Amino acid sequence: MVFRWGIAGTGRIASDFVDGLRQVPDANVVAVCSRHADTARDFAARRNIPRAHSSYAALAEDPNVDIVYVATPNSRHRDDSEMFMRAGKHVLCEKPFALNARQAESMIATARNERRFIMEAIWSRFLPVYVSLGEVLASQRLGRIHHVAADFGFVAPSQPTHRLNNPSLGGGALLDLGIYCLHLARFVLGGHDSVVAHGDLNDQGVDVDATYTLTYSSGATATLRSTTRHATPCTATITGEHGIIRLESRMHNPPGFRLQLHDGAERYHRYDEPGQGLRHQVPEVHRCIESAFIESPRLTHSETLAYARTMDDIRRQLGVRYDVDGHHQ
Ligand SMILES: NC(=O)c1ccc[n+]([C@@H]2O[C@H](COP(=O)([O-])OP(=O)(O)OC[C@H]3O[C@@H](n4cnc5c(N)ncnc54)[C@H](OP(=O)(O)O)[C@@H]3O)[C@@H](O)[C@H]2O)c1
């Protein structure tokens, strides 16, 4: 079976994802949409995509599209994803899935009602390097895990209107970068008990630098940092009873990791793979749709909801509010 993909948005990640799709044999890129006809036409022409739609609604109405990749700003993920699912499309939605847990719950309810598949595009999970990390963790060679430390930071463009700085587009380092640190911590330690966050906001009220500490019933802790104000190492360490794992930069897509055990054993896992890493999540989307699943068993809706709830909790502590949060946030 060949799956026909539509691309919603014409930004940076949409372009990278099309490159990734082209490397998956049973994926066909058949259409793209933009708010502007000429942008859609130009994006399609450069990448040899057959159809260019001048609105997002027109892509939803395209009968020759099976799955839509939602690559719009965070503030649009809920409405775009729900529109596509209601029109009968399956959805791979860029991270963060939604602006808050309430939006995420609504999207998951729509997937259930419409019997459509939706997954948050946390591509790290499907990278061979993370699969291998999962195998090392499952082997118990580290023994009990005490701590995860991870950071993701770079200096964002300074324009106040840029989506990373702008609350109306769902800006902030937590939702864009911190999600990868939260993903790693959950991948290693599971669900946390509590979180304490500190950080700074820009003058529009979105987080530009935050550190959060999570505690776990096992006694483990995680210290995570996301920032759009400073360039940081973008590495991670996992400390266990018998040794340490170090993930290289950038920790969400590392070229490798080093396992160092206290007994002197050392192993370096390296992944020099050509091609676009975003492609690794695509076979999982195809497999789930073929099986008529509405969620991936490898990255479930409840996991996505857990990230949304944790980010709500952190934002509440930092004092970051989006218009859609309402009074109870
Ligand atoms: N997986 C990853 O590694 C990764 C990396 C970067 C970003 N992301 C995620 O992908 C999403 C898009 O990020 P990006 O860096 O590609 O952003 P971007 O370059 O700004 O592109 C976003 C696109 O969304 C469309 N759009 C629709 N409404 C918009 C609005 N009101 N304002 C601005 N753009 C609007 C625009 O396309 P039209 O003008 O053609 O409609 C624009 O090109 C975000 O959710 C982000 O978190 C993921």
Residue-by-residue Karplus 3J(HN,Hα) for the range 300-311, coefficients 6.51, -1.76, 1.60, Hz, glycine and proline x: 7, 4, 5, 5, 4, 5, 4, 4, 4, 5, 5, 5
Order by protection proxy (mean Cβ within 10 Å, highest first), peptides 194-200, 270-276: 194-200, 270-276
Zone of R321's modelled label, taken as backbone nitrogen in the range 177-214 under 14 Å from a point 7 Å along Cα→Cβ: 205-206
Cα-based shape type of the range 213-329, given that a ≥ b ≥ c are square roots of the gyration tensor eigenvalues and the cut on a/c is 1.5: oblate
Estimated D of the range 1-63 in µm² per second, where Rh is the Kirkwood radius over Cα pairs and Stokes-Einstein applies at 25 °C, 0.890 mPa s: 214
Rg(Cα) / (2.2 N^0.38 Å) computed for the range 128-270, rounded to two decimals: 1.11
Unit charges at the beta carbon, dipole of the chain: most positive-side option, G153, Q317, S217: G153
By average C-beta atoms within 10 angstrom, highest first, the peptides 216-226, 119-129, 173-183: 173-183, 119-129, 216-226
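We did not get these values from a lab; they are worked out from the coordinates using the rules stated. The structure displayed is predicted, hence computed values, not measured ones. Cβ: placed from backbone, ideal geometry, glycine included. Neighbour counts: every protein chain shown.
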